[in-house]
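J.: Once you've had a glance at the structure underneath, I'll fire off some questions.
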Amino acid sequence: MVVVVMVVVLMMMAVVMVVMMPGRHWEEANMTQVQEFILLGLSPRPGLRGVLFAVFLTLYLLTVLENTIIILLIRSHTELHKPMYFFLGNLSCLEMCYVSVTMPTLLLGLWSGSCHVPFTSCMTQLFFFITLICAECTLLASMAYDRYVAICRPLHYPVLMRPQVCLLLAAASWMGSLGVSVIKTACIAGLSYCGPNVLNHFFCDVSPLLNLSCTHVALTELVDFISAIVIFYGSLMVALISYMAIGTAVVRMPSAAARLKAFSTCASHLIVVGIFYSASIFIYARPKRMEDMSLSKLLSIIYTVFTPICNPIIYCLRNKEVQRAFQKTLHKVGISQCSES
């Protein structure tokens, strides 16, 4: 978890760099009249907001609980000290941060009907969100590469996926995402926002902010599109090529049992990759602003709420090694409680 600590420090430094840009403040440098944004949230109906608040608060708490359990299991059981679980631990840390960035404004909007977010806070939320979604893309690509090496080059696996390589891949994922996020956030924050200041969304996202800008956004859209090509399509190509090679290797396996075992180790990751990329690429890997914000909000819920809560179940809680580790932990807790009583 040294990588996560380093990333947290770097993220805080990057936020300071973005907020304290040389020269005048964002609002002054760009004559921005908007001092805060109003997030409309998911539903304007008071009766429905109460139900949705309870649902999403429960989902948020379950997501944090699931990912915390996964991290603790990976740290406390030596049999899980493998490259695959190293990346899963990073992914769990990422998803706890992920939901903690987007959920507060979603829940506040459901509780009060709308959420008032200061300009600097909105840009800070945008910065963390872009960092985390880019990091998830690159981590998913790293996990696909890990499965490729495990199945297609098993004899070289201990060398190709040694701890130093895993640490380098994770660090590159986080730090590359930080760099992309600094550039994109600086471009969006550098635009002028003359009003209105109402965002038809539940968090500060790229498309609704571009829709509110009163200046020419062609350069910002170009930067957004290029970064999407590099991060989203680049990581997706790595994942697809890895799984094409895996599929070819699996088909050539002589034993049906071996084919089933190899497929079972990759099926869960393939499901998560499909769901995540289908929603995120539709929104972010486009060279123009999205006008249908209702569709944008629906797709955003898929990868900001449901994907983080489903990933631990798909990846880990169905995994036999993780199940055994969880049973050992429950057994130890039960024994300690009995000894104390």
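J.: Taking the beta-carbon count within 10 Å as an exposure proxy, list 60, 233 from fewest neighbours to most.
T.: 233, 60
J.: Continuing with this model, one more query. Rounded to the nearest 0.05, what FRET efficiency do residue 321 and residue 164 give with R0 = 22 Å and r taken as the Cβ-Cβ distance? Could you check?
T.: 0.40
J.: Follow-up question, since we're still on this one. Does a label point 7 Å from the Cα of residue 241, set along Cα-to-beta-carbon, have any residues of the stretch 74-102 with amide nitrogen under 18 Å, and which are they?
T.: What the label zone holds, given the 18 Å backbone N cut-off, is no residue at all.
J.: Hey, with R₀ at 25 Å, roughly what FRET efficiency would residue 57 and residue 233 work out to, going by the Cβ-Cβ distance, to 0.05?
T.: 0.10
J.: Taking 0.36 nm per residue of sequence separation and subtracting the Cα-Cα distance, how much length would be gained by fully extending the chain between residue 48 and residue 249, in nm to one decimal?
T.: 67.3 nm
J.: In sequence order, what are the phi-derived ³J(HN,Hα) couplings for the stretch 254-259 according to the Karplus relation 6.51 cos²θ - 1.76 cosθ + 1.60 with θ = phi - 60°, rounded to whole Hz, with x for glycine and proline?
T.: For the stretch 254-259, the Karplus curve yields x, 9, 5, 5, 5, 5 Hz.
Just so you know, all these numbers are worked out from the coordinates, no wet-lab data involved. These numbers were taken from a predicted model, which means no experiment stands behind them. Heads up, the Cβs are rebuilt from the backbone with ideal geometry, glycines too, and the neighbour counts pull from every protein chain shown.
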